[in-house]
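Comments concern the structure below.
The values are calculated or read from the model by the stated rules, or taken from the named source; none is laboratory data. Quantities reported herein were computed from a predicted structural model and do not represent experimental measurements. Neighbour counts run over all protein chains shown; Cβ positions are idealised from the backbone, glycine included. When the accessible area is computed, the model is the full protein with side chains, heavy atoms only, and any ligands, DNA or RNA have been set aside. Shrake-Rupley method; radii C 1.70, N 1.55, O 1.52, S 1.80 Å.
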Amino acid sequence: MKAVVLLSGGLDSAVCLAYARTEASVELALTMDYGQRSAEKEIAAAAQLARYYQIPHKVIALPWLAEITHTALVQREEDLPEPAAADLDNLELGNQTAAAVWVPNRNGLFLNLAACFAESLGCSLVIAGFNREEAATFPDNTPEFTLAATAAMAYSTANKVKVVSYTGHLDKGEIVALGNRLGVPWESIWSCYRGESSMCGSCESCRRLIRAFATAGLTLPASLKDFATTGGEANAG
């Protein structure tokens with residue numbers, strides 16, 4: 001099998017890329033630049049991961065998506081949610097923070113763009129980094145979404161491209177454990193909504209990453225440790 005991987009440079013997509021190489025021939029890694037705050041950092045992380053795994057890497061610019069996105073993930077004048085670690089599993093608050101960073105049809109668009117490349121390259125798989133933890137508040141992380149996207153692509157691609165997420169059934173701690181077994185170079189990932197010189201440690205993505213390493217019983221890599229005490233958090237590990 002041959003595959004195209006959606007690679008944001010974050011935890012889930014990095015682990016999916018590592019796992020994909022055990023299941024398929026990865027022909028291309030795609031990173032989307034849609035004006036998100038962390039675009040530059042995500043692109044750099046994805047490029048570093050692609051070099052590490054010796055996978056061709058392409059960045060697709062989607063400036064119009066930023067123009068129609070009004071939430072804090074793109075609009076820098078909006079405040080990014082900074083949930084406390086204890087609130088990460090609070091469904092009511094989670095729905096509020098999800099709404100605050102929602103991008104219109106983002107994953108639907110990304111999967112379809114990846115399917116274009118997959119079909120042109122003769123690949124039967126598009127691999128995306130979803131997870132069970134965020135599926136509780138992001139419907140485009142769910143297994144149902146993955147199945148629905150595959151069903152649609154049976155009509156929209158001549159070779160019936162399938163969507164796969166090797167992490168979709170796992171929570172973040174389990175994803176870190178899997179990535180550790182696969183030898184993912186943790187120093188290469190970027191899992192922060194902000195695009196500053198280092199990860200902020202207080203946005204939801206950072207909070208989940210810190211908790212995931214602690215849950216997996218692993219120490220954060222040196223490149224990630226600095227933010228583990230942000231906001232009063234203790235170092236993981």
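Per residue, what accessible area does segment 74-115 have, given a 1.4 Å probe and all protein chains present, in Å²?
Working: 2270 Å² over 42 residues.
Accessible area per residue, segment 74-115: 54 Å².
When only DSSP loop residues count, what trypsin sites (Lys or Arg not before Pro) in segment 116-210 have their Cβ near at most 16 other Cβ atoms within 10 Å?
Lys160
Quick query: amide H of Val26 versus all other amide H atoms, modeled in the peptide plane; which residues come in under 5 Å with a sequence gap of 5 or more or a different chain?
Residues meeting the amide H criterion: Ala3.
Can you give the Rg to Rh ratio of the chain, both from alpha-carbon atoms, with Rh computed by the Kirkwood formula? Mind showing how you got there, number by number?
Numbers: Rg = 16.7 Å, Rh = 17.8 Å.
We get a ratio of 0.94 for the chain.
Taking the 0 to 90 degree range and rounding to the nearest ten, how far is the long axis of helix 91-100 tilted relative to the main principal axis of the chain, both from C-alpha atoms?
70 degrees
With θ set to phi - 60°, apply the Karplus curve 6.51 cos²θ - 1.76 cosθ + 1.60 along segment 118-135 and write out the HN-Hα couplings as whole Hz, x wherever there is a Gly or Pro.
The phi angles translate into 4, 4, 5, 9, x, 8, 9, 10, 10, 10, 10, x, 9, 7, 5, 5, 7, 5 Hz.
Would you mind checking the tilt of helix 143-156 against the longest principal axis of the Cα atoms of the chain, expressed as 0 to 90 degrees and rounded to 10?
Orientation of helix 143-156: about 30 degrees from the principal axis.
Below 20 Å, Cα to Cα, which lysines can Lys2 reach? Residues fewer than 8 away in the same chain don't count.
Lys58, Lys160, Lys162
Between the alpha-carbon centers of segment 1-18 and segment 174-198, tell me the distance in whole angstrom.
12 Å
In Å³ and rounded to a whole number, note down the convex hull volume per residue for the Cα atoms of segment 1-131. Walk me through the intermediate numbers first.
On the way: hull volume 15.2 nm³, N = 131.
Here the figure is 116 Å³ per residue.
What ³J(HN,Hα) values, in whole Hz, does the Karplus curve 6.51 cos²θ - 1.76 cosθ + 1.60 give for segment 74-80 when θ = phi - 60°, with x put for Gly and Pro?
10, 7, 6, 7, 8, 7, 6
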